[in-house]
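The values are calculated or read from the model by the stated rules, or taken from the named source; none is laboratory data. Keep in mind the model is a prediction, meaning the values are calculated, not measured. With ideal geometry, Cβ positions are generated from the backbone for all residues, glycine too; neighbour counts draw on all protein chains shown. Protein only, heavy atoms only, side chains kept; ligands, DNA and RNA dropped before computing areas. Shrake-Rupley method; radii C 1.70, N 1.55, O 1.52, S 1.80 Å.
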Amino acid sequence: SRSMLLPGLGGTREQAGERALEQLRRQAPEARFSVLAFGEGAASPVAPGPPSFVRSDLSAAVTRLLDEPGEPPAALVVISDGRLDESRGDRELTDALAKRRIPLSAIAVAAESPRDASVLEVSMSGAAVAHQATPLTLEVACGGGLSCDGVPYHVRELLDGAAPLELASGAVSVARDSASVDLSITLERAGPRLIEVAIDAPSGDTVKDNDRRLFVVDVARERVRLLHVAGRPTYDVRALRNWLKANASVDVIAFFILRTDRSEVTASDSELALIRFPVDELFTTELPTFDAVVLQDFDAVPYMRGEMSKYLKNLAEYVERGGGLVMVGGAGSFSDGGYAGSDLARVLPVELVGQRGGQNVDLSRAVPRVTVQGAAAPMLAPVRALLGGELPSMPGANIVGDARDDALVLWEHPTRVTQSGKPMPLLTLAERGDGRAIALAVDGAHRLGFGEIAAKAAGRGHGALWDGLLGWLMRDPRFEPAQTELVAPCLTGRPTRLRVVPLPGTTGNVEVELVPATEARRGTRHEVAIPPGASRVEVDLGELEPGGYMARVKVGDGGGATRRAIACERGGDEWADPRPDEARLRALAKATSGEVARADDVSGLSLPAAAEVISEMQISPLAPAWTWTLLAAVALGAHWIVRRRAGLG
């Protein structure tokens, strides 16, 4: 297993074991050796390359070996460091060997603990829920005489294309072998989250790769906490607000008909909010607590005077750190809302053209045209199920520029084009750092719930649209283009394979872009064709260096991309505790009448006497093979001659 790559007697433990094996062969040249590797499940022939098992389960390997038919072994010699992960316990293993009178001898490949401080174990009690504190226990080990007084630790969340998010930090002192500290961390985003737990090891630490652990936590969500900010009480605003309030899975905080600092409240302003819009609280301290933000027909300028750049920068960073954003059209949205040229514009999936106060709205009615990607996108499946490919006419659209290179356009304008000559996008989605953003450049989506076309689905089209969009924003598996999982844990030195399960009926290729976490750049690309009728595809990502990665998976022509967090380590659990356990090997050998030696001197290890053969059977042919061949040829020729003479030829 992987622990054999740690320091041992005269090199690595693997090298010490190989030298001990050669000494055994020279000591007993007449013995028949079967050299097997044990780690997970049954023992298997030693494969070329470095050890790759992430467990050291000796009992499972020995039990299956004893159950095999044929001649049982006369003895077992275990070459190990004693760090065993027994699935059945030492007692069951020794009892099985003693019953068959098979001695188990051991060769220890390491004797002393290296000077090392390590993250021994990280455990979380209960399920992690977004926005709620989750208990976490960190255990730090120290051995080999290393002084571990006040070792700093850090717990971070690694994000996609953004700086790590600090969750907890402090220091722990290790008086004896190990010490633990109880923490509490809060993860704001649901879904698979990549967590790093690291220590700043003292000087003299010899095993650097166990100073940090990486793992993926599946964070559940009780309800979607959503902030809905609207500038005017339009039909579209009311329809969306009513759907959000009626949805039991959404906890909505809504602000509309807002009052600015300069508004004068009079008796005629019966619909104007009596309280000032809390822009500072919402877009600073409270912003990370929301799963998504919807800006609908919202002119930011009157409410963010003097601090507009600060608040929009906060909102952009919120998206890049995992939040969701939807900008919905209207007279105060997109360029008319003062967003062109702002920090928020960089996270929108469309380019903004024009300036506030210009002609940035097309008031003509139009039926959005569904793109090829939109016809296959899973987030529009609820609408397709109700209305097929039919959409109602919508009154007006905001004028926007081209979709960004990595964006997915689902609806486009049937007649209007951008400055580049491409159809103007109306519904566009995109990944933005660790988060997602949607641009809906119309304020007539409520027509999916009212009118002749909407009546065919009993007015459920509007809710179906937002169910899919909000589900995609929250990475709901129902609206992802594929399901993904690692075939085996990622370890440096062995290939990493990603299993992709596309939606039924999907054709084309599976494209995987692998990017190191926290880095906003393009990564390595891998592409595999989907065989006809295949239900799953495996993509070889190659051998990865230690660290966190984000795999962005695109399947076929539509549906955008789904993301998989990958934690890759050099040693995994096998390196968390590098201390050898020679005492355990001695206990196993003693219980089975075996012996123990160290890898640097195995001369004192005695092997069973060779078995005596008391009877044998020899088989000798009556004649050489060529004699029988010649006789067969002569007989065949004689038979032919007789048939000819008898007139039967």
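Indicate the gyration tensor shape class of the range 397-471 (rounded, prolate or oblate), computed on the Cα atoms with a ≥ b ≥ c the square roots of the eigenvalues: a/c under 1.5 is rounded; otherwise a/b larger than b/c is prolate and the rest oblate.
Judged from the Cα gyration tensor, the range 397-471 comes out oblate (a/c at least 1.5, b/c at or above a/b).
Using 0.36 nm per residue of separation minus the Cα-Cα distance, give me the extension gain between residue 646 and residue 622 in nm, one decimal.
5.2 nm
Apply the a/c threshold of 1.5 to the C-alpha gyration tensor of the range 516-649 and tell me whether it is rounded, prolate or oblate.
Because a/c hits 1.5 or more and a/b fails to exceed b/c, the range 516-649 counts as oblate.
What is the set of long-range amide H partners of residue 167 at a cut-off below 5 Å, with H atoms built 1.01 Å from backbone N?
Result for residue 167 returns 155, 156, 157.
Output the peptides 24-32, 516-524 sorted from most to least packed, where packing is the average of other Cβ atoms within 10 Å over each peptide's residues.
Ranked by mean Cβ neighbours within 10 Å, highest first: 516-524, 24-32.
Taking 0.36 nm per residue of separation and subtracting the Cα-Cα distance, what length does fully extending residue 64 through residue 186 add?
Residue separation times 0.36 nm, minus the Cα-Cα distance, leaves 39.5 nm.
Treat every Asp and Glu Cβ in the chain as -1 and every Lys and Arg Cβ as +1, leave all other atoms uncharged, and give the resulting dipole magnitude about the Cα centre to the nearest 20 debye.
Here the chain has a charge dipole of around 2080 debye.
What nm value, rounded to one decimal, do you get for the distance between residue 522 and residue 42 when each label is placed 7 Å out toward the C-beta?
Using points 7 Å along Cα→Cβ, the separation is 4.7 nm.
Bin width 10 Å, alpha-carbon pairs only: give the P(r) of the range 432-494 as whole percents, running from 0 to the bin holding the largest distance.
Going out from 0 Å in 10 Å bins, the range 432-494 shows 18, 31, 27, 13, 7, 4, 0 percent.
Looking at 58, 7, 20, which one has the Cα that reaches farthest to the positive end of the dipole of the chain (charges on Cβ: Lys, Arg +1; Asp, Glu -1)?
Going by the charge dipole, the pick is 58.
From largest to smallest, what semi-axes in whole angstrom does the chain give when each is the square root of 5 times an eigenvalue of its alpha carbon gyration tensor?
Gyration-tensor ellipsoid for the chain: 65, 38, 19 Å.
Please give the residues of the range 455-480, grouped as numeric ranges, whose backbone N is less than 12 Å from a label point set 7 Å along the Cα-to-Cβ vector of residue 246.
458-464
Run the numbers for residue 129 and residue 301: contour at 0.36 nm per residue of separation, minus the present Cα-Cα distance, in nm.
In short, 58.3 nm is gained.
For the range 338-470, calculate the relative contact order in percent as a whole number, restricting contacts to Cα pairs under 8 Å that are 6 or more residues apart.
Taking the mean separation of contacting Cα pairs over the length of the range 338-470, I get 27 percent.
Beta carbons within 10 angstrom, averaged per residue: use that to sort the peptides 236-249, 462-475, highest first.
Output ranking for 236-249, 462-475: 462-475, 236-249.
Round to the nearest 0.05 the FRET efficiency obtained for residue 364 and residue 235 when R0 = 25 Å and r is the Cβ-Cβ distance.
Plugging the Cβ-Cβ distance into 1/(1 + (r/R0)^6) gives 0.90.
Taking the Cα centre of the range 380-535 as origin, work out the dipole magnitude from +1 charges on Lys and Arg Cβ and -1 charges on Asp and Glu Cβ, in debye rounded to 20.
Charge dipole of the range 380-535: 160 debye, to the nearest 20.
Could you sort 633-644, 99-110, 323-334 so that the peptide with the highest average Cβ count within 10 Å comes first and the rest follow in order?
So the order, starting with the most tightly packed, is 323-334, 99-110, 633-644.
Using only helices, what value at 222 nm comes out for the chain when you add -39,500 (n - 2.57) per DSSP H run of length 4 or more and divide by the total residues, to the nearest 500 deg cm²/dmol?
-6000 deg cm²/dmol
Does the range 18-66 come out rounded, prolate or oblate, given a ≥ b ≥ c as the square roots of the eigenvalues of its C-alpha gyration tensor, rounded meaning a/c under 1.5 and, failing that, prolate meaning a/b above b/c?
Here the range 18-66 falls in the oblate category.
Given a 1.4 angstrom probe, what's the average accessible area per residue across the chain, in square angstrom?
Here the residues of the chain average 48 Å² of exposed surface.
Quick one: pull the percent of accessible area on the chain belonging to carbon and sulfur, 1.4 Å probe, ligands and nucleic acids left out.
Carbon and sulfur atoms account for 51 percent of the accessible area of the chain.
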